[in-house]
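Right, one structure below, let's go through it.
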Amino acid sequence: MTPTAYIDPTPVGPEALAGQYLRRFWHPVFRAEDLPQGAAVPLRILREEFTLYRGEGGAAHLLPLRCAHRASQLNTGWVEGDSLRCFYHGWRYDGSGQCVEQPGEDPSFAKRIKLASYPVQEYLGLIFAYFGPGEPPVLPRYPEFDAPGVLDVYPPEYWPCSYFNRIDNAADAAHLSFAHRESRTAIGRPQPLADVTAEETEFGVLTSLFVDGALRSTLHFHMPNINQFIQSDTRLRDPFNTEAPAIIARLLFRVPVDNESCVSFPIDHVSLTGEVGAAYLERRRTLEATQRAAPQSPETMGSLVLGSRMRMAEVRECDQANLKTLTSVEDYVAQVGQGPRVHHPSERLGRMDAGIVLIRSVWQRELRALADGRPLKTWTRHEPLGHPLPGGGQ
């Protein structure tokens, strides 16, 4: 193994060092509301293929994609109770992967057939799965998101770039002033160029932004692939300009689909309760439905910008565009525009990249420890993260 491959976090298959490290953590794989009872769907996560289904009793189960008989896709079959019957020849499996019925075969045959199965838990409106060896660790909790308020679980975003393109971006201070120039101009809040510091924490990396010597923003990275920030200015996240003051905390889980594509699961917690909170969520859901029906998605517009068939100023002027859409297009252009996998040999990192450098360094240290059989750091977070600074910050 070359020194570069040794510490490369982008190969995510089960044979890769980074893939083995990632499998020691829980990962969201689906938005819970998108999997009704009796439904089964195919999944590609961490460069492997699975079948996710929800039994008639409401519990979600995760099995391999294919039947042990003739390798037909299990998601095409039927959910019966809490089991799944294969479409091709009717072999039936329970949630543990045990084959419990094989029409036409000797009853003793089924007992000898068992597929792998994977632990599943639901939390914060997402379905999490564990793909690693042994007993899974405790699923991390995020106290800010368990507090009273609106929990807004966005549709997942599938992008043609490595999950590490997206991780790096959240610790990137300078891009706020340039990549997000249009969206920040739209709200009358241009982002001044900041000084940056970064430090390792019990849960990952904290990147701090200072303007004229004053702390302006804090960006939180949770190992191995989670970005979080807290925003007290609703204009950046609330397309309705809600009059009631609100704090918006955002979690973004960046999960590899394979080496060169990823899915992001964004969650907002908005500190609005009662009728005001209900009205906010209803408007968000209406906007989400409108965006799904729009002729051009943020990903489509981002691809047009990358191909110079559309300018960012034109995105801002589109009838369907709002602040959230514009911000998404800006991030898509920046991150997908880097190419499918980050860590270009031509990269030249500077002092503004302190958060990026530290995150990569922590990842490299942990991968080396895993390869050498040395202890890995246990990442923990017990207390809610602090409130944002006066005036907000991303």
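Being out of contact with any Pro (no Cβ under 6 Å at 6 or more places or on another chain) and either within 30 Å of Trp379 (Cβ to Cβ) or touching a residue at least 40 places away in the same chain (Cβ under 8 Å) (or both) narrows it down to one of Gly104, Gly13, so name that one.
Gly13
Please specify each residue of region 280-331 satisfying the condition of being among the β-branched types (Val, Ile, Thr) and over 20 Å from the mean Cα position of the chain (by Cα).
Thr286, Thr290, Val305, Val315
Is it true that some residue in region 370-380 is among the β-branched types (Val, Ile, Thr) and either at pLDDT below 95 or not assigned by TED's automatic domain parsing to the domain that holds Ser271 (or both)?
Yes, some residue in region 370-380 is among the β-branched types (Val, Ile, Thr) and either at pLDDT below 95 or not assigned by TED's automatic domain parsing to the domain that holds Ser271 (or both).
For region 23-37, does any single residue satisfy the condition of being in contact (Cβ under 8 Å) with a residue 40 or more places away in the chain, among the aromatic types (Phe, Trp, Tyr) and surrounded by fewer than 20 Cβ atoms within 10 Å (Cβ to Cβ)?
Taking every residue of region 23-37 in turn, none turns out to be in contact (Cβ under 8 Å) with a residue 40 or more places away in the chain, among the aromatic types (Phe, Trp, Tyr) and surrounded by fewer than 20 Cβ atoms within 10 Å (Cβ to Cβ).
Condition first: more than 15 Å from the chain's Cα centre (by Cα) and closer than 17 Å to Leu139 by Cβ. Now tell me which residues in region 24-42 satisfy that.
Within region 24-42, just Arg24 meets the criteria.
Which of the residues belonging to region 340-376 are of a type in the set (D, E, K, R) and without any contact (Cβ under 8 Å) to a residue 24 or more places away in the chain?
Glu347, Arg348, Arg365, Asp372, Arg374
So which of Met301, Met352, Met310 is in contact with a helix residue (DSSP H, G or I) (Cβ under 7 Å, 6 or more places away or on another chain) and part of a helix (DSSP H, G or I)?
Selected residue: Met301, the only one of Met301, Met352, Met310 that is in contact with a helix residue (DSSP H, G or I) (Cβ under 7 Å, 6 or more places away or on another chain) and part of a helix (DSSP H, G or I).
Give me a count of the residues in region 309-338 that are modelled with pLDDT of 90 or more and surrounded by 12 or more Cβ atoms within 10 Å (Cβ to Cβ).
Residues meeting the conditions: 13.
Of the conditions (1) buried (at least 17 other Cβ atoms within 10 Å of the Cβ); (2) in contact (Cβ under 8 Å) with a residue 40 or more places away in the chain; (3) aliphatic (A, V, I, L, M), Leu287 fails just one. Which one is it?
(1)
Against the condition surrounded by 19 or more Cβ atoms within 10 Å (Cβ to Cβ) and either within 19 Å of the chain's Cα centre (by Cα) or on the phi > 0 side of the Ramachandran plot (or both), how does Tyr93 come out, does it pass?
no
The values are calculated or read from the model by the stated rules, or taken from the named source; none is laboratory data. Note that the coordinates shown come from a computational prediction; the quantities given were computed from them, not determined experimentally. We place every Cβ from the backbone using ideal geometry, glycine too, and count neighbours over all the protein chains shown.
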